[in-house]
Amino acid sequence: MSHSPAAFPAARLRRTRQSPSVRNLVREHTLTVDDLIWPVFVRDGEGVEEPIASMPGVMRQSVDKIVEAAREAADLGIPAICLFPYTDPALKSEDCAEAWNPDNLSNRATRAIRSAVPDMTIMTDVALDPYSSSGHDGFVQDGKILNDETIEALVKQALSQAEAGSDIIGPSDMMDGRIGAIRTGLENTGHSDVMIMSYAAKYASAFYGPFRDAVGASGALKGDKSTYQMDPGNTREALRLVARDLDEGADMVMVKPGMPYLDICKQVKDKFGAPTFAYQVSGEYAMIMGAAQNGWIDGDKAMMESLLGFKRAGCDGILTYFAPAVARRLAKP
Ligand code: PBG
């Protein structure tokens, strides 16, 4: 005998939504401060904090200010910080030699944070764009990117970062073969503990615009990056890149940008089970902040909801410019 379908709904899924405590009890995914990596922009000088117009609330800071910021981040429980240098245009060149200068901005900031905030995990970016007069991530000749020559430079850059005390090397350049070459370089120079987080599936995206302003690469960039960054139409290629980078010695992999590529995050985590990260990039940050500043959305809620999406998609962590704001919000009783 079946009961009348009209009598009551067989499954009332609303029952477990009836109060905050029950909702808390049944929640499947949560965002914690342990999930956050905070990308920051370093510039020259002392006591300098310079706002970035397309990234409201984000600043380029001199090394002393970055150290203060890193200390505050550590106090908030943020586990890792990721450094991006804003390089003086006078130091940019075709051979990009500033990239492996032991005393370049990124390496100076690494050493300063390492000594002042020893518990903070430091990630550094490997790619030539902040140092290149062409604005590209690799060497360019006759309008073409020189993959293998670029790799030699990237290895030098990565080793100078490891020498300065970087914990996680983050190659964001998308050249073929760079993970294996960097891993070999690290092993051969006594840096076998240094981790590599590969920007494995990095798409050629319109969402990087504000970042290029932040590091001063927008003016320099000739053409686009679509001969090395991925085509947004591709899924399986992302999985092949992740497989390759893990084989070559990456410890963690990243998908970038984040929000438009949550399907890729999910597939990468499901298929490989490796530590998987997403980069909620500058344009994603700018969209949320821009709408919030216009009063069109609740910025704080949109921030939290956007980051929870990464957890649902299987990410172990997120690089996000919102990191300190999230940490402060999560710390509230
Ligand atoms: C470049 C690099 C980019 C970002 C991180 N590393 C930009 C690019 O590829 O042009 C973007 C980060 C962001 O948009 O927040 N190697």
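The values are calculated or read from the model by the stated rules, or taken from the named source; none is laboratory data. Bear in mind the structure is a predicted one, so any value in this text is a computation, not a measurement. Every residue, glycine among them, receives a Cβ derived from its backbone with ideal geometry; neighbour counts consider all protein chains shown.
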Next item on the list: Starting from segment 160-182, keep only residues that are assigned to a helix (DSSP H, G or I), then list their pairs with residues that are of a type in the set (Lys, Arg) whose Cβ atoms are within a distance under 7 Å, requiring at least 6 positions of separation or different chains.
Entry: Ala164/Arg111
Margin query: For a quick check of your reading: which strands (runs of 3 or more DSSP E) sit entirely within segment 22-77 and have at least 3 residues that are under 19 Å from the mean Cα position of the chain (by Cα), at pLDDT 95 or above and under 26 Å from Ser306 (Cβ atoms)?
Written below: 36-43, 59-62
Check: So, in segment 209-221, of the ones that are within 8 Å of the ligand (Cβ to nearest atom) and assigned to a loop (DSSP other than H, G, I, E, B), which residue ends up surrounded by the fewest Cβ atoms within 10 Å (Cβ to Cβ)?
Finding: Leu221
Checklist line | So Ile37, is it among the aliphatic types (A, V, I, L, M), touching a helix residue (DSSP H, G or I) at 6+ places or on another chain (Cβ under 8 Å), in contact (Cβ under 8 Å) with a residue 60 or more places away in the chain and surrounded by 14 or more Cβ atoms within 10 Å (Cβ to Cβ) | finding: yes
Margin query: Tell me the residue from Asp193, Asp224, Asp231 that is under 22 Å from Gly317 (Cα atoms), among the acidic types (Asp, Glu), without any contact (Cβ under 8 Å) to a residue 60 or more places away in the chain and surrounded by fewer than 20 Cβ atoms within 10 Å (Cβ to Cβ), please.
Written below: Asp193
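In the list Ala302, Ala291, Ala313, Ala274, which residue meets the criterion of being within 19 Å of Gly209 (Cβ to Cβ) and aliphatic (A, V, I, L, M)?
Within the list Ala302, Ala291, Ala313, Ala274, the selection yields Ala291.
Quick check on Ala206: is it within 16 Å of the ligand (Cβ to nearest atom), within 17 Å of the chain's Cα centre (by Cα), surrounded by fewer than 17 Cβ atoms within 10 Å (Cβ to Cβ) and not hydroxyl-bearing (Ser, Thr, Tyr)?
In short, yes.
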Margin query: Any residue that is closer than 18 Å to Tyr199 by Cα, of a type in the set (S, T, N, Q) and free of Cβ contacts under 8 Å to residues at least 60 places away in the same chain - is there at least one of those in segment 123-140?
Written below: yes
Note to self: So, in segment 160-190, how many residues would count as being within 16 Å of the ligand (Cβ to nearest atom) and surrounded by 18 or more Cβ atoms within 10 Å (Cβ to Cβ)?
What the structure shows: 13
Check: Has segment 126-146 got at least one residue that is touching a Cys at 6+ places or on another chain (Cβ under 9 Å), surrounded by 24 or more Cβ atoms within 10 Å (Cβ to Cβ) and among the hydrophobic types (A, V, I, L, M, F, W, C)?
Finding: yes
Item checked: Of the criteria (1) in contact (Cβ under 8 Å) with a residue 40 or more places away in the chain; (2) in contact with a helix residue (DSSP H, G or I) (Cβ under 9 Å, 6 or more places away or on another chain); (3) within 16 Å of the ligand (Cβ to nearest atom), which one Glu98 fails -> (1)
Notebook entry, point to check: For segment 116-159, which residues satisfy the criterion of being in a strand (DSSP E or B) and either β-branched (Val, Ile, Thr) or away from the ligand (no atom under 12 Å from the Cβ) (or both)?
Noted result: Thr121, Ile122, Thr124, Val126, Val140, Gln141, Lys144, Ile145
